[in-house]
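Q: Just passing along the structure, written as structure tokens.
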Amino acid sequence: MSSKDAQAPWSRAEFEEQLRAKGKNYHIHHPFNLRMNSGQCSPAQIRGWVANRCYYQSIIPKKDAAILSNCDDRETRRKWIARILDHDGYDDYQGHHAGGMEAWTQLGEAVGIPREELLSMSHVVPGVRFACDAYVDFARRRPWQEAVCSSLTEMFAPQIHKDRLATWPKYYNWIAPAGLNYFRSRIPLAQRDVDHGLDVTLDYFTTSEQQARALDILQFKLDILWTMLDAIEKAYPE
């Protein structure tokens with residue numbers, strides 16, 4: 001029995017603090033990301049990252065649909081469905097209605113990857129594909145509250161987007177500024193999604209054992225993101 005199992009559960013505020021402390025393992029600290037945001041990546045490495053990360057973008061609405069399929073709480077479904085629309089688009093699918101996947105496709109074009117080539121996923125390396133598929137499988141098989149908890153890596157995402165917006169125009173001025181719209185759009189959406197995901201997690205994981213489980217789940221998702229960069233770094237060496 002771990003020390004956490006033997007003690008009283010954390011308060012709501014303490015539990016949130018423990019979840020946020022997991023940010024030290026976020027892939028913002030990965031060597032490849034550090035090089036990318038300090039101007040040390042070649043155009044081929046940037047294109048490799050964009051192409052492989054596109055596969056992750058493609059599975060996000062599948063992951064969210066899996067959560068919805070398992071969710072028996074109507075209010076949560078009403079809120080969660082917005083994530084799919086944010087990513088796949090809505091209304092006339094033009095402008096900001098086009099969605100995150102379209103914004104990522106435009107990033108691909110801005111770095112020099114034709115739309116058809118990017119969406120073919122022909123550049124996706126096995127390690128990235130395996131990690132992303134494992135994430136979707138987790139969302140399909142586990143209780144929806146656990147899958148929601150795994151999404152809380154979004155707590156750490158605004159800073160990584162801000163870093164790219166601050167450094168890429170300086171170091172990679174060959175990338176058209178419009179291609180960076182994905183990073184810009186995700187900053188406010190990530191905060192909205194975090195607020196909801198945190199509420200679900202703090203409400204559901206209330207015992208000591210459950211809270212330990214939540215930290216393990218969040219670490220699992222952090223490991224997926226880190227593993228993706230490991231695979232990309234190996235596929236596109238300096």
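Q: May I ask you to give the solvent-accessible area per residue for the chain, in square angstrom, as obtained with a 1.4 angstrom probe?
A: Values: 11200 Å² over 238 residues.
Per-residue value: 47 Å².
Q: Summarise the accessible area of the chain (1.4 Å probe, protein heavy atoms) by the percent that is carbon and sulfur. Working shown, then result.
A: Working: 5850 of 11200 Å².
Result for the chain: 52 percent of the exposed heavy-atom area is carbon or sulfur.
Q: Working from the alpha-carbon coordinates of segment 158-220, get Rg over Rh, Rh being the Kirkwood radius. Before the final figure, lay out the partial values.
A: Values: Rg = 17.0 Å, Rh = 14.1 Å.
With Rh from the inverse mean 1/r over Cα pairs, Rg/Rh is 1.21.
Q: To the nearest 500 deg cm²/dmol, what mean residue ellipticity at 222 nm is calculated for the chain from DSSP H runs of n ≥ 4 alone, each contributing -39,500 (n - 2.57), summed and divided by the residues? Let's see the in-between values first.
A: Details: 12 runs with 170 residues, N = 238.
When only DSSP H runs of four or more count, the value is -23000 deg cm²/dmol.
Q: So what is the relative contact order for segment 12-235, in percent, with contacts set as C-alpha pairs under 8 Å and at least six apart? Before the final figure, lay out the partial values.
A: Values: 260 pairs, mean separation 71.4, N = 224.
Normalised by residue count, the contact order of segment 12-235 is 32 percent.
Q: Okay, next question. For the chain, what mean projected area does the convex hull of the alpha carbons give, in nm²?
A: Details: hull surface 53.0 nm².
Spelled out: convex hull of the Cα atoms, projected over all directions, averaged, 13.2 nm².
Q: Shifting gears a bit: So, counting K/R as plus one and D/E as minus one, what does the shell of residues with Cβ under 15 Å around Arg129 add up to? List each step's numbers first, then the result.
A: On the way: positive: Arg53, Lys62, Lys63, Lys234; negative: Asp133, Asp137, Asp230.
Net charge in that neighbourhood comes out at +1.
Q: Further, regarding this structure: For a paramagnetic label modelled at 7 Å from the Cα of Ala166 toward its Cβ, which residues of segment 13-32 fall within the zone defined by backbone nitrogen distances under 19 Å?
A: 23-32
Q: Expected output is a single nm value to one decimal: the length gained when fully extending between His29 and Leu85, i.e. 0.36 nm times separation in residues minus the C-alpha distance. What is it?
A: Details: separation 56, 0.36 × 56 = 20.16 nm, distance 3.00 nm.
Extending this stretch completely gives an extra 17.2 nm.
Q: Related question: What translational diffusion coefficient, in µm²/s and rounded to a whole number, does the Stokes-Einstein relation yield for segment 116-236 at 37 °C and a viscosity of 0.692 mPa s, taking the hydrodynamic radius as the Kirkwood radius over Cα pairs? Display every interim value, and only then the final one.
A: Working: Rh = 16.4 Å.
In µm²/s, the coefficient rounds to 200.
Q: If one computes the Cα centroid of segment 171-238 and of segment 49-75, what distance in Å separates the two points?
A: Here the two parts' Cα centres lie 12 Å apart.
Q: For Ser185 and Glu238, calculate 0.36 nm times their separation in residues minus their Cα-Cα distance, and state this gained length in nm to one decimal.
A: 16.1 nm
Q: Among all the lysines, which ones have a C-alpha under 25 Å from Lys221's C-alpha, if same-chain residues fewer than 8 places away are not counted?
A: Within the straight-line cut-off, Lys221 pairs with Lys4, Lys22, Lys24, Lys62, Lys63, Lys79, Lys162, Lys234.
The values are calculated or read from the model by the stated rules, or taken from the named source; none is laboratory data. The shown structure was predicted, so the numbers you read here are calculated from the model rather than taken from an experiment. FYI the Cβ positions are ideal-geometry reconstructions off the backbone, even for glycines, and counts take in every protein chain you see. In case anyone asks, the SASA skips ligands and DNA or RNA and just uses the protein heavy atoms, side chains included. Shrake-Rupley method; radii C 1.70, N 1.55, O 1.52, S 1.80 Å.
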